[in-house]
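As structure tokens, the structure follows; a few thoughts come after it.
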Amino acid sequence: MNREKAFELLKEYVKEDSLIKHSLAVESSMIAYAKHFDEDVERWSISGLLHDIDFEMYPDEHPYKGIDILRKKGIDEDIIHAIKGHGSKEEERNSLMAKTLYAIDELSSFVVASALVRPTKFEGLKPKSVKKKLKTKSFAAAVDRDQIKESAEDIEMDFNEHLNIVIEGLKSREKELNKQGLSLL
């Protein structure tokens, strides 16, 4: 399956605009990390795009219902493994793709939230600003800050570099998506 077909599949199962934007944000971060690690950009893109395919329709069965959907659609097992691994702290993540998806899932949305409260959005957004927001517990209160920091260690990334890769990935992807009439914001 290519990225275009994966996006069509996502829209078949996800109607909520905020969840589509979240999926696009996670995809954007996965693309940035695929480039950083010199991995297959399209495969990593698809894992980010489809990671929450079941969340809207089957929130209590997430991510397992999504795994069933993706297997029936012929998605490769390494992508399915990564998607399964993002679902909870208890799931095994033994591939770089799985560890990275887990590391950027909540962080991508947190960075988007940080950009939304800035007049210049992504422009000029720095890791320092995001780290300041992470210390403000009332900002995006549902985000698991410990998981964000621990998962960066799992991919052996310095936290500032990790934030910078995600910020830059989101910023550059936002420009591309705007040309298609889409947005992360």
Residue list for region 25-39, restricted to those being small (G, A, S) and touching a residue at least 12 places away in the same chain (Cβ under 8 Å): A25, S28, S29, A32
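Of all residues in region 86-97, count the ones that are in a helix (DSSP H, G or I) and surrounded by fewer than 24 Cβ atoms within 10 Å (Cβ to Cβ).
Initial filter on region 86-97 (in a helix (DSSP H, G or I)): 86, 96-97.
Next, only the ones that are surrounded by fewer than 24 Cβ atoms within 10 Å (Cβ to Cβ) stay: 96.
Qualifying residue count, region 86-97: 1.
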Candidate set: region 126-175, residues that are without any contact (Cβ under 8 Å) to a residue 12 or more places away in the chain and either touching a Leu at 6+ places or on another chain (Cβ under 8 Å) or within 17 Å of H22 (Cβ to Cβ) (or both); chosen: the one surrounded by the most Cβ atoms within 10 Å (Cβ to Cβ): R145
Residue count, region 53-80 (criterion: within 20 Å of T100 (Cα to Cα), out of contact with any Gly (no Cβ under 7 Å at 6 or more places or on another chain) and in a loop (DSSP other than H, G, I, E, B)): 3
Top-ranked residue of region 106-120 - restricted to ones that are open to solvent by 70 Å² or more (accessible area, probe 1.4 Å) and of a type outside the set (A, V, I, L, M), ranked as nearest to E161 (Cα to Cα): T120
Sole exception among (1) within 16 Å of the chain's Cα centre (by Cα); (2) crowded, with 20+ Cβ neighbours inside 10 Å; (3) free of Cβ contacts under 8 Å to residues at least 60 places away in the same chain; (4) in a helix (DSSP H, G or I) for E42, by number: (2)
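The values are calculated or read from the model by the stated rules, or taken from the named source; none is laboratory data. These numbers were taken from a predicted model, which means no experiment stands behind them. Using ideal geometry, Cβ is built from the backbone for each residue, glycine included, and neighbour counts are taken over all protein chains shown. All accessible areas refer to the heavy atoms of the entire protein, side chains included, with ligands and DNA or RNA removed. Shrake-Rupley method; radii C 1.70, N 1.55, O 1.52, S 1.80 Å.
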